[in-house]
Amino acid sequence: MLGKMMDMPLSITSMIKHAARFHSDTEIVSRTIEGPIHRYTYADSYQRIQKLAHALVELGVQPGDRVATLAWNSYRHFELYFAISGLGAVCHTINPRLFGDQISYIINHAQDKVIFVDLSFVPVLEGVVDQIGDDVEFVIMTDPDHMPESKLDDVQCYEDLVTDQPDHYDWPELEENTASSLCYSSGTTGNPKGVLYTHRSTVLHAMGICAADTMAISGRDAVLPVVPMFHVNAWGIPYAAAMSGAKLVFPGAGMDGASVFELLEQEDVTLTAGVPTVWLLLQQYFQAENKTLPHLERVIVGGAALPASIIEAFEQDLGCKCLHAWGMTEMSPIGTIFHMKGDMKDMTSEQLMAYKVKQGHPVYGVEMKIVNDDDEALPHNGQDFGELLVRGPWITSGYFEDDEASAGSFDAEGYFRTGDVCTIDDRGFMQIVDRSKDVIKSGGEWISSIDLENIAVGHEAIAEAAVIGLSHPKWDERPLLICVKAEGADVAAEDMLAMYKGKVADWWIPNEVAFVDELPHTATGKLLKTALRKQFSDHTFSDA
Ligand code: AMP
């Protein structure tokens, strides 16, 4: 028997309508590329979103068309999120930090019809314009006074397009599984792969991150997403903020410690989110300047492992919580986050820290299992590790127009293969041991490259470290530690190896150490181990 409840499609438009109607005076504050701080309200924003929808229609945008953005976090980018998806078109956020040929690949693969570009990324687009189709239209996200000279053809100005449009738009009622946005995941191998979100997945994910044990975003928060809007929709924060009526603060291009600090302080920000590198820069800044942020309550950290040193600095110096989260582009992105469970209330800070450094506890809506090489489920005992598989309503069911990449990404039960190797403990906390491609297979057993890297960066003379497995005639693979020394510091290879004694099993200790000037990274700042394996492919261990 079916129940009798309204079958209302979940829609992105409903979130901004709610914000404009019930949180009309709440502010959206942006550091602009042009210079000044811009501020307006949800009501103002929604009015411009409706004008922008008219402008998009005038540009010929049809339902299903892909409309791209190459932009920082700002109010204009926010308007594009809602106007494009509201029309039934797809908001394709491009990561400007990708290499030129990846950007042109993505634009061509997505068949973008219009590209909206921030002033700072006009040169990026000019650099690839010869590799993309002739029928793409370009709009620079600025006002007429700041329009630059550009070699882009027929380029238009955002404010010129929007200003004189009618301020009411009759949104279509869309089926909730209509595609809403597209984000390419920049893996370390092969071409980027497109993840195509829906209105339904976006709304459910926004509800998921608003939950008390996730990010607990509320109408009392002022939220500053440092995580870029071109990286998994800024972790869904712009939608969740609109849904809950939180004040939004957009940092524009100012990602350095001083600029982020200034906005956190001046706008009384309570919640912020980003990758560990950003927090390291902020930590250096507030410690050097001896400053505090009395309003800041929560810092969400994900994208890469969060070291205990950052958690301690934020807790002790700023008195705020540092919540470690894990997710993927394919997962909208939230999968897990730290929260304290009822039976953890009496733990000592040392006991709690052991959980805080883990990648977190599954959020309702995300199911997880860890499996061995034969896809057999492994116990959740905090010891056994295997590949993490996930499923849920905001997890991809296949890559956009890419059957090859989709094939092999799911198991027989429809779970998505994350490629992360993890443990899950008896309380449900997940800890990443490695990427499946990076785990080192030595004598039939696995060694975690991440654990070895974390220990190496704990040495004061080391700025950054990577561990890769290189082939070994006896053991199949053995670890090589590759380090970048901190400025002005020195350390001998033997001393680096000696520091592993007692911290890991003896057979985990790397065979050798190589010192380099810098390590290669992907466009999203992750270590590019494929490049390192290539660089060291001729290396032979002395005992081989
Ligand atoms: P992306 O799709 O670019 O967001 O990258 C997702 C990948 O980043 C995951 O599969 C993990 O390998 C890595 N990742 C995300 N969050 C964390 C975290 N908290 N700790 C370690 N690795 C992470």
Check your understanding: Between PHE250 and residues 5 or more places away or on another chain, which pairs have amide H atoms under 5 Å apart, with H built 1.01 Å from N, and which residues are they?
Key -> VAL29, SER30, ARG31
Review point. Tally Lys and Arg at +1 and Asp and Glu at -1 over the other residues with C-beta under 14 Å from the C-beta of PHE314: what net charge comes out?
Key: 0
Point to revise | Of LYS17/LYS247; LYS193/LYS441; LYS437/LYS485; LYS341/LYS503; LYS441/LYS529; LYS437/LYS526, those spanning more than 18 Å from alpha-carbon to alpha-carbon | key: LYS193/LYS441; LYS437/LYS485; LYS341/LYS503
Practice item. Over 17 Å, how big is the tail of the calculated P(r) for the stretch 440-535, in percent of all Cα pairs? Key: 48 percent
Exercise for review: Normalise the Cα radius of gyration of the stretch 160-289 by 2.2 N^0.38 Å (N = residues in it) and let me know the number.
Suggested key: 1.23
Review point. For the charge dipole of the stretch 65-138, defined by +1 on Lys and Arg C-beta atoms and -1 on Asp and Glu C-beta atoms about the Cα centroid, which residue among ILE115, GLY100, ALA83 has the Cα displaced farthest towards the positive pole?
Key: ALA83
Check your understanding: What are the radius of gyration and Dmax of the chain, computed over its Cα atoms and given in Å?
Key -> 23.7, 75
Review point. Between GLU265 and SER542, what is the FRET efficiency for a Förster distance of 45 Å, r being their Cβ-Cβ separation, to the nearest 0.05?
Key: 0.25
**Study point:** Centroid-to-centroid separation of the stretch 84-145 and the stretch 521-537 [C-alpha atoms, Å]
**Key:** 26 Å
Review point. For the stretch 12-254, with only Lys/Arg (+1) and Asp/Glu (-1) charged at the beta-carbon, what is the dipole magnitude about the Cα centre, in debye rounded to 20?
Key: 1060 debye
Revision key, fill the gap. In the neighbourhood of TRP235 defined by beta carbon distances under 14 Å, the net charge of the other residues (Lys, Arg +1; Asp, Glu -1) is 0
Practice item. Please name whichever of ILE311, PRO36, HIS539 sits farthest to the positive end of the charge dipole of the chain, dipole taken about the Cα centre and charges placed at Cβ: Lys and Arg +1, Asp and Glu -1. Key: ILE311
Check your understanding: Can you give the % of DSSP beta bridges in the chain that are antiparallel, to the nearest 5?
Key -> 55 percent
Study note, to complete from the structure: For the chain, the longest principal axis of the Cα atoms and the Cα long axis of helix 75-86 enclose an angle in degrees, to the nearest 10, of 80 degrees
Exercise for review: Please label the shape of the stretch 363-434 as rounded, prolate or oblate, based on the square roots a ≥ b ≥ c of the eigenvalues of the alpha-carbon gyration tensor (a/c under 1.5 means rounded; beyond that, a/b larger than b/c means prolate, else oblate).
Suggested key: prolate
Exercise for review: Sort the stretch 12-254 into rounded, prolate or oblate with this rule: let a ≥ b ≥ c be the square roots of the eigenvalues of the Cα gyration tensor; rounded if a/c is under 1.5, and if a/c is not under 1.5, prolate when a/b is larger than b/c, oblate otherwise.
Suggested key: rounded
Practice item. Provide MET207, MET347, MET141 in ascending order of the number of other Cβ atoms located within 10 Å of each residue's Cβ, fewest first. Key: MET347, MET207, MET141
Revision key, fill the gap. For the stretch 1-95, percent of DSSP beta bridges that are antiparallel (nearest 5) comes out at 55 percent
Check your understanding: Tell me, what is the percent relative contact order of the stretch 440-535, built from C-alpha pairs under 8 Å that lie six or more residues apart?
Key -> 26 percent
Check your understanding: Going by how many other beta carbons lie within 10 Å of each one, how would you line up VAL516, VAL195, fewest first?
Key -> VAL516, VAL195
Check your understanding: For PHE410, which sequence-distant residues (separation of 5 or more, or a different chain) have an amide H within less than 5 Å of its own amide H, given hydrogens modelled in the peptide plane?
Key -> ARG417
Study note, to complete from the structure: Charge tally for neighbours of ILE447 with beta carbon under 9 Å away, counting Lys, Arg as +1 and Asp, Glu as -1, is -2
Revision key, fill the gap. Going fewest to most other Cβ atoms within 10 Å around each Cβ, ILE237, ILE37 line up as ILE37, ILE237
Check your understanding: Using the Karplus equation 6.51 cos²θ - 1.76 cosθ + 1.60 (θ = phi - 60°), what ³J(HN,Hα) coupling, rounded to whole Hz, does each residue of the stretch 47-59 give in order, writing x for Gly and Pro?
Key -> 4, 6, 4, 5, 5, 4, 4, 4, 4, 5, 4, 4, 6
Review point. Relative contact order of the stretch 363-434: what whole-number percent is it, with Cα pairs under 8 angstrom and at least 6 residues apart?
Key: 33 percent
Exercise for review: Hey, can you grab everything whose amide H is under 5 Å from the amide H of GLY303? Only 5+ residues off in sequence or another chain; H modelled, so Pro and N-termini drop out.
Suggested key: GLY327
**Study point:** the stretch 237-348 - share of DSSP beta bridges that are antiparallel (%, nearest 5)
**Key:** 25 percent
Review point. If you take the beta carbon distance between LYS503 and ASP256 as r and set R0 to 51 Å, what does 1/(1 + (r/R0)^6) give as a FRET efficiency, to the nearest 0.05?
Key: 0.90
Check your understanding: Lys/Arg Cβ at +1, Asp/Glu Cβ at -1, dipole of the stretch 440-535 taken about the Cα centre: which of GLY443, ALA465, LEU519 is farthest positive-ward?
Key -> GLY443
Study note, to complete from the structure: In debye to the nearest 20, the charge dipole size for the chain, taken about the Cα centre with +1 at each Lys and Arg Cβ and -1 at each Asp and Glu Cβ, equals 1120 debye
Check your understanding: What size of dipole, in debye to the nearest 20, comes out for the stretch 216-345 about its Cα centre when the only charges are +1 on Lys and Arg C-beta atoms and -1 on Asp and Glu C-beta atoms?
Key -> 360 debye
Check your understanding: What ranking do 412-421, 85-94 get when scored by the average of other Cβ atoms within 10 Å per residue, highest first?
Key -> 85-94, 412-421
Review point. With a ≥ b ≥ c the root eigenvalues of the C-alpha gyration tensor of the stretch 245-330, is it rounded (a/c under 1.5), prolate (a/b larger than b/c) or oblate?
Key: rounded
Practice item. For the chain, calculate the relative contact order in percent as a whole number, restricting contacts to Cα pairs under 8 Å that are 6 or more residues apart. Key: 10 percent
Check your understanding: So what's the back-of-envelope 222 nm ellipticity for the chain, counting only DSSP H runs of four-plus at -39500 (n - 2.57) apiece and dividing by all residues, rounded to 500?
Key -> -8000 deg cm²/dmol
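Only the coordinates and a few stated rules stand behind these numbers; no lab work does. Fair warning: this is a prediction, and the values are worked out from it, not measured in the lab. For neighbour counting, all protein chains shown are included, and Cβ atoms are generated from backbone atoms with ideal geometry for every residue, glycine included.
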